[in-house]
Amino acid sequence: MQTVITRVWHGTTPASKADAYLKFLMERGVPDYKRIPGNLSIQVWRRPDGDKVHFYTVTTWDSMDSIKKFAGDEVDKAKYYPEDTDFLLSPEAAVMHCETIII
C-alpha cells in the first residue's frame, strides 16, 4: 500500500474554445507539471456540458513539499497563467487535495 497526494483543479470553458484550451493545457500546463520533481502523474479530464466544457487537471504527487514547488506556499490556491483569461468562464480560487491510497 502506498499513499500519494492527488491535486484536482477544475475550470470551465465555452464549448467553442474547448479544443484550443486543451491544446494550451498540453503545451503550457502539462510541461510545467512535468518539470517538478515529485510529480508522479498528470491526467486531463474533459467533460462536455451543453454550451460549455469542464476541465479537470488531476495530478499525483509524492508530497506536499513537491506540490509547493509547483504551486507556491499557498498550495490550496489555484495556479493560473495569463492566457487562462482568454479561455475560462470563471476561474475558481481553490483546488482540492486528497490523500490517495494505492493498493
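The values are calculated or read from the model by the stated rules, or taken from the named source; none is laboratory data. Keep in mind that this is a model prediction, so the values were computed, not measured. We place every Cβ from the backbone using ideal geometry, glycine too, and count neighbours over all the protein chains shown.
The table below lists the values:
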read-out: Odd one out for Gly29, checked against (1) in contact with a strand residue (DSSP E or B) (Cβ under 7 Å, 6 or more places away or on another chain); (2) surrounded by 17 or more Cβ atoms within 10 Å (Cβ to Cβ); (3) at pLDDT 95 or above; value: (3)
read-out: Residue in segment 4-22 that is of a type in the set (Lys, Arg), closer than 19 Å to Glu99 by Cα and free of Cβ contacts under 8 Å to residues at least 60 places away in the same chain present; value: no
read-out: Which numbered condition Lys79 misses (of (1) over 18 Å from Cys98 (Cα atoms); (2) modelled with pLDDT under 95; (3) of a type outside the set (A, V, I, L, M, F, W, C); (4) assigned to a loop (DSSP other than H, G, I, E, B)); value: (1)
read-out: Enumeration of residues in segment 54-69 that are under 15 Å from Met26 (Cβ atoms) and either acidic (Asp, Glu) or crowded, with 20+ Cβ neighbours inside 10 Å (or both); value: Phe55, Thr57, Thr59
read-out: Ile42 vs. criteria in a helix (DSSP H, G or I), touching a Phe, Trp or Tyr at 6+ places or on another chain (Cβ under 9 Å), closer than 17 Å to His10 by Cα and modelled with pLDDT of 95 or more; value: no
